[in-house]
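Data block below; observations after.
The values are calculated or read from the model by the stated rules, or taken from the named source; none is laboratory data. Since this is a predicted model, take the numbers as computed values, not measurements. Counting neighbours? That spans all protein chains shown, and the Cβs are built from the backbone with ideal geometry, glycine included.
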């Protein structure tokens, strides 16, 4: 600690000024010994669970604003990489994403919204890199098993066709593909995929492996298998805690944190992101970091709410939130581009924190410094060992090709921590570099500072978006309006896959409907239920009325539900109130998705006395819970079942509205509405 005391005599008084200067450190920045690894970029992950589901529902200009903040260069996050899920019709955290091939003879490259998102990203930044990775696979890939490598050639063709479809249907060039998210890798499959891509003229598409939590396993294989080493371009790991194994570093391959962060996007989440963006390189030699997830465009009451760079999950209001992690991203992305080189002069600060330096090798230099304290930068995983950080001063000494040529640098500043008036991505103007090549700055705790010769950075802005609002009631959908992709407004599939469906020859008043289309259980990524389910609305809904027309097709039964309390990988455990129409001639009220807990049941022909039930046609269903907590279930206008909720009923007080089927079979829904009871 350095204490300076100044005396100044003023007439009959002595003025004393004391400055506590804090810890100081000096750090060399230069290319005297050459440059280090190539910088591959910073990215976001759309998918891994339908995380962008609600984004396309936004009306312009708000949708365009959100996309600009994510992808537009020199404006917001200005991302270099967009990674998307290759949908497999199975649950992958927040929901399911549609497959492009539901059987060996089916190819459809218009399903889902990832194609749209990739095109929007490319339209803003033509240089953005695109990555695809599967979580689940359609059931036919597994050939009766839960293993996607049962026939390696079939699976490799499935992925290759996704890449080819991206180009032929959407003019999108995919740069990288992965293997199977966070699941065991198969060495022979990786080799097969490489050969299949090459045979299809896709030798430019690089393979990332193995997108798991332990790098050493595939690194050992790479070190002892030349064909595998040639097949794998990038070693990808998830949530590495900023470290890489010695073996992984020895491969000489680029190392990516191909999924990282996954932390609530408040000030601590921003601190987590700031710390790992620097220290993934400093500690682990990782040259790219990709955030899960890109954007919270899924309901808050699904798992991992707001674990994203920004939030936009209210298309009905137009509200979105520019969360702090977005601006932390800007400290790197607006001042360095893929292809730049990290300097070898990077490391830890003497008072805690880290610094990295990058150059385009054309005279430009960027230095990024972070001083995140332990408690203000804890990520959701892995555990963070204890450490300390102090306020400090730093002098960066420019050497090599930068000395004497860089005379000033732009300074951008973020101060995090718990202070109410924190500063986020502020332009502090230029900082002089003296004749000896030195630039000195103060580094407060929990700060991110960028010093750069780049002058094009900008903190983009648009007029304040509309205020947040609850999901609207009453709400209705006849499914006659399409979005240009397969899903309708605001439904979030949790098992199975639901799409708008056009009955070309319909003469029953149901030309456009909402249809469950998956007829075979996927090769799942998590423990999907045996039933299919899609949810909508406000998790707080309690005393409401739901009406919908249902037509069971190949499914054994279909349901409408309310107060559904779970989604994601826990969907099979979802409680609520479920009203079932079954093909065995029964109707049921249950308090769970698996229909193990029966509240009421009867059979159409000798107990329920509902004469106009159509087993093969359309039936109008109405389910309501009134203010006295009494359930009323109507079928085709007639009261069919009743039940009074008690403390022993094990029914949640509130939850989503849902539609679904009793198995993986087709069913149609139409004329959907929710009103207050």
Subject >> Hey, residue 54 surrounded by 15 or more Cβ atoms within 10 Å (Cβ to Cβ), at pLDDT 95 or above and within 19 Å of residue 122 (Cβ to Cβ) or not >> reply: no
Subject >> Complete set of residues in region 393-440 that are touching a helix residue (DSSP H, G or I) at 6+ places or on another chain (Cβ under 8 Å) and under 16 Å from residue 359 (Cβ atoms) >> reply: 437
Original post:
Counting only residues that are under 21 Å from residue 372 (Cβ atoms) and under 28 Å from the mean Cα position of the chain (by Cα), how many does region 339-356 have?
Top reply: 5
**OP:** With the condition kept exactly as written, say whether any residue in region 120-129 is surrounded by 23 or more Cβ atoms within 10 Å (Cβ to Cβ), part of a loop (DSSP other than H, G, I, E, B) and over 18 Å from the mean Cα position of the chain (by Cα).
**Re:** no
**OP:** Take residue 493 and decide whether it is in contact with a strand residue (DSSP E or B) (Cβ under 9 Å, 6 or more places away or on another chain), touching a residue at least 12 places away in the same chain (Cβ under 8 Å), part of a strand (DSSP E or B) and buried (at least 21 other Cβ atoms within 10 Å of the Cβ).
**Re:** yes
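Yes/no per residue for (1) under 29 Å from residue 639 (Cα atoms); (2) modelled with pLDDT under 95; (3) surrounded by 24 or more Cβ atoms within 10 Å (Cβ to Cβ); (4) in contact with a helix residue (DSSP H, G or I) (Cβ under 9 Å, 6 or more places away or on another chain):
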{"site": "527", "(1), (2), (3), (4)": "no, yes, no, yes"}
{"site": "536", "(1), (2), (3), (4)": "yes, no, no, no"}
{"site": "566", "(1), (2), (3), (4)": "yes, no, no, yes"}
{"site": "570", "(1), (2), (3), (4)": "no, no, no, no"}
Subject >> Number of the exception - residue 161 against (1) more than 23 Å from residue 93 (Cβ to Cβ); (2) in contact with a strand residue (DSSP E or B) (Cβ under 9 Å, 6 or more places away or on another chain) >> reply: (2)
**OP:** Among what's in region 633-653 and is crowded, with 18+ Cβ neighbours inside 10 Å and out of contact with any helix residue (DSSP H, G or I) (no Cβ under 6 Å at 6 or more places or on another chain), pick the residue that is nearest to residue 563 (Cα to Cα).
**Re:** 652
**OP:** Would you mind stating whether residue 208 is more than 17 Å from residue 83 (Cβ to Cβ) and surrounded by 17 or more Cβ atoms within 10 Å (Cβ to Cβ)?
**Re:** no
Original post:
Would it be correct to say that residue 663 is outside any loop (DSSP other than H, G, I, E, B) and surrounded by fewer than 22 Cβ atoms within 10 Å (Cβ to Cβ)?
Top reply: no
**OP:** Check 445, 449 and return the single one that is in contact (Cβ under 8 Å) with a residue 60 or more places away in the chain and out of contact with any strand residue (DSSP E or B) (no Cβ under 6 Å at 6 or more places or on another chain).
**Re:** 445
Subject >> Which listed residue is touching a residue at least 60 places away in the same chain (Cβ under 8 Å) and assigned by TED's automatic domain parsing to the domain that holds residue 187, from 242, 248, 263 >> reply: 263
Original post:
If the Cβ limit is 7 Å and pairs must be 6+ apart or interchain, which residue in region 209-236 that is free of Cβ contacts under 8 Å to residues at least 24 places away in the same chain pairs with which residue that is outside any helix (DSSP H, G or I)?
Top reply: none
Original post:
Does region 452-490 hold any residues that are modelled with pLDDT under 95, closer than 24 Å to residue 539 by Cβ and out of contact with any strand residue (DSSP E or B) (no Cβ under 6 Å at 6 or more places or on another chain), and which are they?
Top reply: 483, 487, 489
Original post:
How many of the residues making up region 509-525 are crowded, with 24+ Cβ neighbours inside 10 Å and in contact with a helix residue (DSSP H, G or I) (Cβ under 9 Å, 6 or more places away or on another chain)?
Top reply: 4
Original post:
Does residue 160 meet the test of being in the same structural domain as residue 45 (by TED's automatic domain parsing) and closer than 21 Å to residue 98 by Cα?
Top reply: yes
**OP:** Identify, by number, the condition in (1) over 19 Å from residue 38 (Cβ atoms); (2) in a loop (DSSP other than H, G, I, E, B) that residue 197 doesn't meet.
**Re:** (2)
Original post:
In region 558-591, how many are part of a strand (DSSP E or B) and at negative phi?
Top reply: 19
Subject >> Exclusive hit being closer than 21 Å to residue 286 by Cβ, in contact with a helix residue (DSSP H, G or I) (Cβ under 7 Å, 6 or more places away or on another chain), outside any loop (DSSP other than H, G, I, E, B) and in the same structural domain as residue 285 (by TED's automatic domain parsing), set 328, 356 >> reply: 328
**OP:** Can you give me the number of residues within region 392-433 that are part of a strand (DSSP E or B) and on the phi > 0 side of the Ramachandran plot?
**Re:** 2
**OP:** Being within 18 Å of residue 43 (Cβ to Cβ), at pLDDT 95 or above, in the same structural domain as residue 143 (by TED's automatic domain parsing) and not in a loop (DSSP other than H, G, I, E, B) narrows it down to one of 209, 229, so name that one.
**Re:** 209
**OP:** Scan region 620-660 residue by residue and report those that are under 17 Å from residue 547 (Cα atoms) and not in a strand (DSSP E or B).
**Re:** 626, 636, 637, 655
